[in-house]
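Report on one structure; see the data block that follows.
The values are calculated or read from the model by the stated rules, or taken from the named source; none is laboratory data. From a predicted model like this one, the values you see are computed outputs, not experimental measurements. A quick note on method: Cβ atoms are made from the backbone with ideal geometry, for glycine too, and the neighbour counts reach across all protein chains shown. The accessibility values were calculated without ligands, DNA or RNA, using every heavy atom of the protein model including side chains. Shrake-Rupley method; radii C 1.70, N 1.55, O 1.52, S 1.80 Å.
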Amino acid sequence: MKIANLPFGTTDWSQVPATEHAGVTGTAWWRTCQFGDLRVRMVEYTPGYLADHWCVKGHVLLCLEGELHTELEDGRTFVLKPGMSYQVADGAEPHRSSTAVGAKLFIVD
């Protein structure tokens, strides 16, 4: 990742409007800031959320609250708890998220 032409700035996430994204079950609420090619999000999944697609976008993802289950298309699964993160490249390994208890995430892609 190369970050270019981005002056210093701060973000008050409570002031960024949330957009609703329905899953197969549950809802994801995204607060999104775009900085050139860099998308930065604060995402909250409701309890019982299951993503409605396999994602092929690369991310760096940090779990802030709750518990996130990530399933790779090849069948491997991973559980993130607060303070844990994952990283994956664009097009590398399709993945999808779910959570039984809800989760709050910070995602850069």
task: Among the residues of segment 19-38, write down those that are surrounded by 13 or more Cβ atoms within 10 Å (Cβ to Cβ), at pLDDT 95 or above and more than 17 Å from residue 99 (Cβ to Cβ).
output: 31, 32, 33
query: Taking interchain pairs and intrachain pairs at least six residues apart, which have beta carbon atoms under 6 angstrom, with the first residue in segment 43-60 and under 10 Å from residue 26 (Cβ atoms) and the second of a type in the set (D, E, K, R) and open to solvent by 30 Å² or more (accessible area, probe 1.4 Å)?
result: 51/96
- prompt: Could you count how many residues in segment 52-74 are open to solvent by less than 40 Å² (accessible area, probe 1.4 Å) and within 11 Å of the chain's Cα centre (by Cα)?
  reply: 7
Hey, residue 93 part of a loop (DSSP other than H, G, I, E, B) and either crowded, with 17+ Cβ neighbours inside 10 Å or of a type in the set (Asp, Glu) (or both) or not: yes
